Amino acid sequence: TTARLTLDPSFRIGPVEPRLFGSFVEHMGRCVYTGIHEPGHPLADADGLRTDVLRLVRELGVTVVRYPGGNFVSNYRWEDGVGPVGDRPARLDLAWRSLEDNRFGLNEFMAWAAKAGVEPMMALNLGTRGVAEALDLVEYTNHPGGTRMSDLRRAHGVDKPHDVRLWCLGNELDGPWQMGHKTAAEYGRLAAETARALKRFDPNLSLVACGSSNSGMPTFAAWEAEVLEAAYDLVDYISLHAYYDPSDGDVDSFLASGADMDHMIRSIAATADHVGAKLRSGRRLKLSFDEWNVWYQSRFHGESSLEWSEHPRLIEDTYDVTDAVVVGSLLITLLRNADRVGVACLAQLANVIAPIRTEPGGPAWRQSIFHPFALTARHARGEVLRVEPDCATIPTAKYGEAPALWATATHDAATGEISLFVVNRDRHGPCALEIALPAGLRPVEHLELADDDLSAANTADAPDRVVPRAGTGLSQAERRVTLTLPPVSWSIVRFA
Ligand code: AHR
């Protein structure tokens with residue numbers, strides 16, 4: 001097929017928010033233990049943190065990391081994870097039917113976050129706990145000293161407060177699988193009262209209320225409306241979560257997953273704006289897409305099937321070329337909605353549906369999905385531009401006619417550089433793309449993620465089987481650039 005698009009710095013959506021390139025570390029499977037933390041590993045530092053993983057996290061360009069869950073947080077006592085490690089209790093984690101010995105906790109995570117150069121985003125347990133425990137945790141974490149909780153932190157060897165700015169008011173409390181699952185009315189009230197108290201502690205904290213666990217929940221959008229009726233003026237973000245896989249082998253719908261993410265963002269923004277209008281509020285809430293990724297749910301047989309054990313191998317999905325193209329297209333979707341989405345977290349960071357895989361005592365490597373994330377985080381700078389490709393459509397069972405190309409671009413006014421990110425969803429052939437450019441720009445880099453074998457993946461033995469390679473077919477005639485996008489591909493073209 002052929003397609004055209006125009007890059008024009010005057011058509012701006014909004015600034016690229018660095019917090020769009022977040023990720024997520026949950027006490028689940030091997031994300032923490034033998035993922036980011038493995039004392040005794042040949043490459044562990046004095047804190048038991050894997051320096052090979054830290055190096056990859058920095059290369060990935062992650063900016064903010066949500067912790068400690070996830071479903072895990074809804075039955076977690078943060079106090080179990082602080083103080084002398086030998087005194088910490090072992091607990092049953094009911095979310096993942098795992099044994100948690102708590103040798104990694106809040107202060108270890110903050111030390112890791114400082115070394116990784118990321119902002120911490122803390123989740124509170126509003127499942128089995130409430131306002132009092134949330135206040136204790138915030139006092140322990142953020143108050144300088146001279147009070148019971150802040151002095152406890154200092155007694156634990158952390159003199160300066162961690163000053164965490166971003167807090168999640170629980171996790172997926174609309175889901176019946178969640179420990180302490182609630183109705184929208186129950187959660188809305190709890191979220192509002194917790195937020196009121198936290199803002200009394202520090203009015204500048206940014207708070208995220210839980211939205212729906214996914215767009216298929218029976219209460220999708222109704223949950224958000226009811227929660228926000230109670231908490232609108234007290235919170236700063238409402239959360240969204242979404243995981244995609246080619247269910248029943250429907251690859252065309254899978255490749256068009258951005259259509260669902262886009263629909264979710266528009267629906268929840270509209271729901272929030274409706275509540276804001278009813279309440280005569282002058283505030284406009286932002287969205288926190290704080291869990292998103294490809295997740296082969298069909299390979300997971302549910303929490304009840306799990307035996308009690310320490311850091312079992314859970315949902316260690318191996319990602320292929322198609323998965324990387326979908327992840328690239330979801331990043332494009334987030335950028336296209338940069339005026340509403342203020343935070344986004346790829347779930348998760350290590351081993352558990354993750355861009356980084358490790359073996360205990362062994363290597364760490366980049367999965368295929370690592371690459372579109374790292375390149376987008378590195379080169380999406382400045383303002384997001386409105387890009388509307390003129391292209392063919394592809395019929396999909398789930399989303400109707402989906403555009404064959406999915407694209408976004410950013411313009412950095414400081415350098416004049418434009419970065420174009422584009423996916424060709426077509427499985428049946430390449431696309432010849434013609435780009436209209438502002439005067440004076442020329443392509444300086446053209447990389448693509450594509451492969452004759454769409455099921456190719458990176459493994460411990462072949463960690464660089466799937467990597468971005470130089471794109472082909474690029475030529476320029478004055479203000480027109482043409483290039484070829486291979487079938488099922490993700491590409492970046494930088495102009496300077
Ligand atoms: O990321 C895995 C799980 O997915 C999280 O614990 C939960 O919040 C979501 O359902």
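Every number here is computed from the coordinates shown, using simple stated rules; none is lab data. Model, not experiment: these values are computed from the prediction. Cβ sites come from the backbone with ideal geometry, for glycine too, and all protein chains shown count toward neighbours.
Each label point was placed 7 Å from the Cα along the Cα-to-Cβ direction; for residue 197 and residue 461 their separation is 5.5 nm. Any chance you could give the angle, 0 to 90 degrees and rounded to 10, that helix 257-278 forms with the longest Cα principal axis of the chain? Rounded to the nearest ten degrees, it is 60.
If only the Cβ of Lys and Arg carry +1 and only the Cβ of Asp and Glu carry -1, the dipole of the range 397-489 around its Cα centre is close to 260 debye. Less than 5 angstrom separates the built amide H of residue 105 from none of the residues sequence-distant by 5 or more or on a different chain.
Compute, for the chain, the length of the dipole vector about the Cα centre, with Cβ point charges of +1 (Lys, Arg) and -1 (Asp, Glu) only. Units Debye, rounded to 20. Provide the component values of the computation, followed by the final result.
Details: 49 positive and 66 negative charges, 249 e Å.
Using only the charged Cβ atoms, the result is roughly 1200 debye.
Qualifying trypsin sites (Lys or Arg not before Pro) in the range 459-496, where qualification requires a DSSP coil assignment and no more than 16 other C-beta atoms within 10 Å, comprise 465, 479.
For a modelled paramagnetic label at residue 434, 7 Å from Cα along Cα-to-Cβ, the residues of the range 363-394 in reach, with backbone nitrogen under 15 Å, are 389-392. Of interest is the spacing of the C-alpha centroids, which for the range 155-221 and the range 258-309 amounts to 14 Å.
With viscosity set to 0.692 mPa s at 37 °C, what whole-number translational diffusion coefficient in µm²/s follows for the chain from Stokes-Einstein and a Kirkwood radius over Cα pairs? Translational diffusion coefficient: 141 µm²/s. In whole Å, what is the distance between the alpha-carbon centres of the range 1-24 and the range 316-370? Result: 18 Å between the Cα centres.
Projecting the Cα atoms of 296, 180, 137 onto the charge dipole of the range 17-379 (Cβ charges, centred on the Cα centre) puts 137 farthest toward the positive pole.
Note on residue 297 and residue 266: the extension gain reaches 8.7 nm, defined as 0.36 nm multiplied by sequence separation minus the Cα-Cα distance.
Every Cα-Cα pair of the range 1-148 was included, and the share exceeding 27 Å stands at 33 percent.
Between 0 and 90 degrees, rounded to the nearest ten: what's the tilt of helix 321-336 against the longest Cα principal axis of the chain? That works out to roughly 80 degrees. In sequence order, the range 156-172 has phi-based couplings of 7, x, 10, 6, 8, x, 7, 6, 6, 9, 10, 10, 9, 7, x, 9, 6 Hz under the Karplus curve 6.51 cos²θ - 1.76 cosθ + 1.60, θ = phi - 60°, and Gly or Pro positions carry x.
Of all DSSP bridge pairs formed entirely within the chain, close to 55 percent run antiparallel. Its relative contact order, with pairs defined as Cα atoms under 8 Å and 6+ residues apart, puts the chain at 20 percent.
Close amide H pairs (under 5 Å, H built 1.01 Å from N) link residue 64 with 22, 23, 119, residues at least 5 positions away or on another chain. The modelled label-to-label distance between residue 427 and residue 277, using points 7 Å beyond Cα along the C-beta direction, is 4.0 nm.
The smallest convex shape that holds all Cα atoms of the range 316-411, its convex hull, gives 123 Å³ per residue. Put simply, the amide H of residue 290, placed in the peptide plane, has neighbours under 5 Å in 240, 345, leaving out anything fewer than 5 places away on its chain.
Count the net charge of all other residues whose Cβ sits under 13 Å from the Cβ of residue 113, scoring Lys and Arg as +1 and Asp and Glu as -1. Write out the running numbers ahead of the final one.
On the way: positive: 58, 66, 115, 165; negative: 47, 108, 119, 163.
Combined, the nearby Lys, Arg, Asp and Glu give 0.
Relative to the dominant Cα principal axis of the chain, helix 131-142 is inclined by about 70°. Computed 3J(HN,Hα) for the range 36-46, one whole-Hz value per residue from the Karplus formula 6.51 cos²θ - 1.76 cosθ + 1.60 where θ = phi - 60°, is 8, 10, 7, x, x, 5, x, 9, 6, 8, 4, glycine and proline marked x. Placing a label point 7 Å from the Cα of residue 85 along the Cα-to-Cβ direction, the residues of the range 132-173 whose backbone N falls under 20 Å of that point are 153-159.
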